[in-house]
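Note sheet for the following structure.
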Amino acid sequence: MARMKFLCDDDRCIECNACITACKNEHEVPWGVNRRRVVTINDGQSGETSISVACMHCSDAPCAQVCPVDCFYFTDDGVVLHDKDLCIGCGYCFYACPFGAPQFPQDGAFGNRGKMDKCTFCAGGPEEDHSEAEFEKYGRNRLAEGKLPLCAEMCSTKALLAGDGDVISNLFSQRVTQRQLSQEEPDSGTAQVKLWGWKTAYKD
Amino acid sequence: MTSGRLVEYEGGGDETRSNPWLAELQQQMFVEINPADANNAGVKHGEQVWVEGPEGGKIKVMAFVTNRVGRGLVFMPFHFAGHYQGKDLRNKYPEGCDPYILGESCNTVFTYGYDSVTAMQETKVSLCRLQKA
Amino acid sequence: MKLIKRSTSPSAAHQKNLNRREFIKHSGLAVGASALASQLPFTMMEKAQAQATQLTNTPEIATIKSVCTHCSVGCGVIAEVQNGVWIGQEPAFDHPINLGAHCAKGASVREHGHGDRRLKYPMKQINGQWKRITWQQAIDEIGDKMLEIRQQSGPDSVYWLGSSKHNNEQSYLFRKFAAFWGSNNIDHQARICHSTTVAGVANTWGYGAMTNSFNDIHNSKAILIIGGNPAEAHPVSMQHIFKAKEQGAPLIVIDPRLTRTAAHASQHIRLRPGTDVPLILGMLWHIFENHWEDKEFIRQRVYGMDKVRKEVAQWTPDKVEQVTGVSENELYQAAKTMATHKPGTFIWCMGGTQHTIGNNNTRAYCIFQLALGNMGVAGGGTNIFRGHDNVQGATDLGPNAHTLPGYYGLAEGAWKHWATVWDIDFQWLSGRFDKALYDDGTGANKRTMNMSGIPVSRWIDGILEEKQNISQQDNIRAMVLWGHAPNSQTRAPEMKKAMEKLDLLVVVDPYPSNSAVLHDRTENTYLLPASTQFETYGSLTSSNRSLQWRDQVIEPLFESRPDHQILYQFAEKLGFADQMFKHIQVKNSVPLIEDITKEINKGTWTIGYTGQTYERLKKQQQNWHTFNTTTLIAEGGPCDGEYFGLPWPCWGTSEQQHPGTPILYDTTKPVAQGGLTFRARFGVERDGVSLLAEDSYSKDSEIKQGYPEFSADLLKQLGWWNELTDKEKQLAEGKNWKTDLSGGIQRVAIKHGCAPFGNAKARCIVWQFPDPVPVHREPLYSNRRDMVNKYTVYGQKYLTTFIIIDLHSVCYRMSKVHFSA
């Protein structure tokens, strides 16, 4: 069985934000909630690097470990999902998450956070696949349609990869090899393999 | 002073600033200022600043202090409109047709100057003065 | 301000009792990320391994192919539509240009199907308040006012400002409309986008457009971007740029800002804005100093490089540093990179064009590529990224103050050519224009019919300037801003005044735009809702000269109408619809797009818009998966051998089945297969020196030397005249390759392996321009007082033409130098 993973190739990410609007388009996420965002380090300086970040669907997901109501679960594909009916909006997962993925709509009258919302790897939620309830709470279920997350599918430079972990790590190594092969000056250090977030998320 | 584009918006921006998925990503008209110039003008990142052009136009925008621009250069995107010389014109749009995001147009301060052959306008070089608002 | 927007289109979806879930339940596997993606070498996607739920596709969900409306890259869009509602957007993995990719704008085009903030119905200002009116009332009131202005002040007092958001058919119809109204006061955004490119580049080697394609950048060994920020302005093009970069091509970015593109560069050079010419000449200094230039290429295919050398000689590294702020070492590095990594491509955008010496900048860039012999080769070229989705097509065919469709110009011959195509009486057409003569800026007198109109950048002056300073009967009294955002233009305070002075202001746009709010008018202001390109269909031309066919995704939203319908209604009201739509079928006031495409094919010989019939374009759209993603050639399938979008010039009539020209001036292919030479456009000799190519010709050419452009006479001299059919002979007699409506002259030239427009050298000296060899001049508002006197703006003579006195002379200069293609 495939193990779904995300990988963002920071050599290619140009902060065009297509992943963000693709996500909005697909799931009709309201204004103010961003399941995915692009983080830029050294903005405006040499060494500026951008990375598209969402829930990484960690192997040993810290969010699931700290959740007091145990609303998280793992699909057979390794996708980390949660049950909004159980979620109490306590926000522990937000503190535990190394990627700052959980979002809270903040629509309550007394400052309560509302149900947590996050990237589902376009895999919906516990409701029946393609049901109205599923769409309402979690957005469209592309995996059940045999499709991959739209953010990665629409990425302008194919920086953001999503899919079976073995496949995308293979693709990425091919890319890295190609880059190393074509480096004129191998000592320049630019061909260094960078695998942003991979170890944190998947420990391997 | 120079101008250019942002990825979220296109041209004058009316269509893209009316698209909430895009508008959410760029909610403020801004001017990029080098830290040295910002300090000289006494402006801090995020503060409002008046940008005055040599032909009388002036606009009030947010200062974005960054090394992206070198010393002596400021940059502004040209996609914004709906504010004019410090005034919000939102109530002048027909009801329900105002773009989600409005802002000052940088071309309120850009100036005269045309290519000798094609009458192309000069939007990439002009002068301005910065003043804390 | 509450901005939370939960659902897609409450109005549209719920009215029709539909929702997105309905779709999801029934959606099948359809395209998927899957197999198609893995075939593509750098798509880097793989099939989802998850068990797909087997669902059946219900017939009412239509998958419609369109093209993104946000920039000129031309990304394919796949829309899923159910009962007229745009419910889903899928990546077009098999589209040869974007391979499924989008930027933030492209990934959100489905939102346009909701249009919450659209202008919903025609409106007019009464006492400063917006009031809803009917279309009929709007057309009648506006039309009556225009006819009154025409009566009092002549046709030139109404200004028709068109758009690069029109599709090709609408752009062309817009230009035709102005011709029938009787004025050249018509223009669009290309003027303030790449007009200096079109003028500079066309005057160097013939055509003013991107020479290669986005995909061809894969073949580049080095990439230089100046005054361009594709990571933000053309993000999907970065996919192709990265492909080359990852194959080892260094990426040099020259920009005063550390842009998001520069962040990925191998070398970023910050220059002082407005100093492009000294920077390029400074790089050439290193190239000549180290003998890195391509001497054989220059001998065979370039005129005037010796004059350039003289100008370059004075741009020593120290002087360059003084003016541009770029050090000798940085510039040497960049020059060396480009000289040692060939072929290299040269990309520029608005940072180079939007200057008072924009035409000098663009010519300097061309000269750089000529010196290195990077022209006419895969991986080389001047890859000029254009702005709007159809700015190339609108430039080629549409609203331009200085020319009729196809860059035919405005001389009598041009009018006669189009009058023939339109099948109308030239005298009648001529009678539509002001009959008086006006100073054309050189002391000669002309009719406004034969003078360039007021350019879009100067319409403000056409309103505010003293009447006697303008070469037309009266000031502009009515403005029609049709798909134009005025905040993209400089001098807003004056624009505000100008808008307030108008008798009539009409805005035709899907959105009210800044034109609705900038001014303090209270009456005689109209807003008419136009449809977007997703609400109609037709062709568009992307930056790389490829034409694509868009299908209609949804019906026009609210009361909006497509541009061609609104044009028809105005033509009807203004009394020339019968003449104008003589050969265009009109149904319920909507002209048939395909008939307009046919008319474009019938008349646009100059730039080869003759072979791209709607049938061929539709076929390509249906088979876009068959095109190679680097060469853009169809490999097998129904379009076998054609290039994607039949990039112009697509010579001859469609019967000739020309495949389009993927790379301009590429002599390694026969003309019949997309090869080309430099165009013989500037005569055959200059000061006793030949301007024709030497020992260079396109593959299989029967003439192994330079030759002039083809005409009936030349065919006779060559003894090829009898190869024309009798019918062709009839139409071709006395004509040339541009005006022969039979296409016979082009056919026979190509049969013999020759380019219809001749085989000449590219020129480094444009003797008709103010600066024949590009030189540096400080910007009008310079931050370097010490430089202003040394590198002055144009002397008094040109300075006066900047000011509106002799407004038309500025324009006049344009037509005189064939700024066109």
In the range B:83-133, the residues that are outside any loop (DSSP other than H, G, I, E, B), closer than 16 Å to C:Asn783 by Cβ and either over 13 Å from the mean Cα position of the chain (by Cα) or basic (Lys, Arg) (or both): B:Arg129
Filter the range C:567-596 for residues that are touching a helix residue (DSSP H, G or I) at 6+ places or on another chain (Cβ under 6 Å) and farther than 19 Å from C:Trp135 by Cβ and give the result. C:Phe576, C:Met580, C:Ile584, C:Gln585, C:Ile593, C:Glu594, C:Ile596
Evaluate the following for A:Cys71: is it open to solvent by less than 20 Å² (accessible area, probe 1.4 Å) and under 12 Å from the mean Cα position of the chain (by Cα)? no
Failed condition for C:Phe180, given (1) over 14 Å from C:Ile566 (Cα atoms); (2) buried (at least 24 other Cβ atoms within 10 Å of the Cβ); (3) assigned by TED's automatic domain parsing to the domain that holds C:Trp459, with all others met? (2)
Could you give every pair whose Cβ atoms fall below 6 Å, whose first residue belongs to the range B:13-24 and is more than 7 Å from chain C (Cβ to nearest Cβ) and farther than 15 Å from C:Lys165 by Cβ, and whose second residue is surrounded by 24 or more Cβ atoms within 10 Å (Cβ to Cβ) and of a type outside the set (A, V, I, L, M, F, W, C), counting only separations of at least 6 or pairs across chains? B:Arg17/B:Pro99; B:Ala23/B:Arg17
Could you list all residues from the range B:31-56 that are assigned to a loop (DSSP other than H, G, I, E, B), at pLDDT 95 or above and either of a type in the set (S, T, N, Q) or crowded, with 17+ Cβ neighbours inside 10 Å (or both)? B:Asn34, B:Val43
Only one of these is buried (at least 24 other Cβ atoms within 10 Å of the Cβ), modelled with pLDDT under 95 and not aliphatic (A, V, I, L, M): C:Thr362, C:Thr356, C:Thr324. Name it. C:Thr356
Looking only at the range C:604-651, how many residues end up being more than 18 Å from the chain's Cα centre (by Cα), among the small types (Gly, Ala, Ser) and on the phi > 0 side of the Ramachandran plot? 3
Look through C:Pro649, C:Pro638, C:Pro662 and report the one residue that is closer than 30 Å to C:Asp695 by Cα, open to solvent by 10 Å² or more (accessible area, probe 1.4 Å) and at pLDDT 95 or above. C:Pro662
Every listed condition ((1) open to solvent by 10 Å² or more (accessible area, probe 1.4 Å); (2) in contact with a strand residue (DSSP E or B) (Cβ under 8 Å, 6 or more places away or on another chain); (3) under 25 Å from C:Gly182 (Cα atoms)) holds for C:Ala530 save (1)
Since C:Lys221 meets every condition but one in (1) at pLDDT below 95; (2) open to solvent by 10 Å² or more (accessible area, probe 1.4 Å); (3) not polar (S, T, N, Q), which condition does it not meet? (1)
Top-ranked residue in the range A:181-204 [being farther than 24 Å from A:Val53 by Cα and more than 10 Å from chain C (Cβ to nearest Cβ); ranked as modelled with the highest pLDDT]: A:Glu185
Residue satisfying all of: in the range C:751-792; of a type in the set (Asp, Glu) and surrounded by fewer than 22 Cβ atoms within 10 Å (Cβ to Cβ); modelled with the highest pLDDT among these: C:Asp771
Would you please name the residue that is nearest to C:Phe385 (Cα to Cα), looking only at residues in the range C:310-339 that are in contact with a strand residue (DSSP E or B) (Cβ under 9 Å, 6 or more places away or on another chain) and touching a residue at least 60 places away in the same chain (Cβ under 8 Å)? C:Met338
Just for the range B:1-12: of the residues that are at the interface with another protein chain (Cβ under 7 Å from one of its Cβ atoms) and touching a strand residue (DSSP E or B) at 6+ places or on another chain (Cβ under 9 Å), which one is most open to solvent (accessible area, probe 1.4 Å)? B:Arg5
Note on the range C:594-635: residues farther than 30 Å from C:Leu404 by Cα, surrounded by 19 or more Cβ atoms within 10 Å (Cβ to Cβ) and β-branched (Val, Ile, Thr) are C:Thr626, C:Thr629, C:Thr631, C:Ile633
Looking only at the range A:20-68, and only at residues there that are among the polar types (S, T, N, Q) and free of Cβ contacts under 8 Å to residues at least 40 places away in the same chain, the one that is least open to solvent (accessible area, probe 1.4 Å): A:Thr21
Residues of the range C:279-316 being crowded, with 16+ Cβ neighbours inside 10 Å and of a type in the set (S, T, N, Q), which ones? C:Gln300
Working only within the range C:100-114, note down all residues that are at the interface with another protein chain (Cβ under 8 Å from one of its Cβ atoms), within 23 Å of the chain's Cα centre (by Cα) and of a type in the set (A, V, I, L, M, F, W, C). C:Ala101, C:Cys103, C:Ala104
How many residues, within the range B:101-123, are facing chain C (nearest Cβ under 7 Å) and open to solvent by 10 Å² or more (accessible area, probe 1.4 Å)? 1
Looking at the range C:461-482 only, could you name the residues that are over 21 Å from C:Arg447 (Cβ atoms), open to solvent by 20 Å² or more (accessible area, probe 1.4 Å) and out of contact with any helix residue (DSSP H, G or I) (no Cβ under 6 Å at 6 or more places or on another chain)? C:Glu466
Any residue at all in the range A:160-174 that is open to solvent by 20 Å² or more (accessible area, probe 1.4 Å) and in contact with a helix residue (DSSP H, G or I) (Cβ under 6 Å, 6 or more places away or on another chain)? no
Any idea how many residues of the range C:284-303 are in a helix (DSSP H, G or I) and of a type outside the set (Val, Ile, Thr)? 11
Taking B:Phe64, is it buried (at least 20 other Cβ atoms within 10 Å of the Cβ), part of a strand (DSSP E or B), within 7 Å of chain C (Cβ to nearest Cβ) and not polar (S, T, N, Q)? no
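Residue-by-condition table, conditions (1) farther than 20 Å from B:Met120 by Cβ; (2) without any contact (Cβ under 8 Å) to a residue 24 or more places away in the chain; (3) open to solvent by less than 10 Å² (accessible area, probe 1.4 Å):
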| position | (1), (2), (3) |
| --- | --- |
| C:Gly381 | yes, no, yes |
| C:Gln392 | no, no, yes |
| C:Pro405 | yes, no, yes |
| C:Tyr408 | yes, no, no |
| C:Glu412 | yes, no, no |
| C:His417 | yes, no, no |
| C:Thr420 | yes, no, no |
| C:Asp423 | yes, no, no |
| C:Trp428 | yes, no, no |
Listed residues A:Cys55, A:Cys19, A:Cys71; which is out of contact with any helix residue (DSSP H, G or I) (no Cβ under 7 Å at 6 or more places or on another chain), under 24 Å from C:Ala101 (Cα atoms) and at pLDDT 95 or above? A:Cys55
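The values are calculated or read from the model by the stated rules, or taken from the named source; none is laboratory data. All figures in this text were calculated on a predicted structure; none of them were measured in a lab. Counting neighbours? That spans all protein chains shown, and the Cβs are built from the backbone with ideal geometry, glycine included. Side chains included, ligands, DNA and RNA excluded: accessible areas come from the protein's heavy atoms. Shrake-Rupley method; radii C 1.70, N 1.55, O 1.52, S 1.80 Å.
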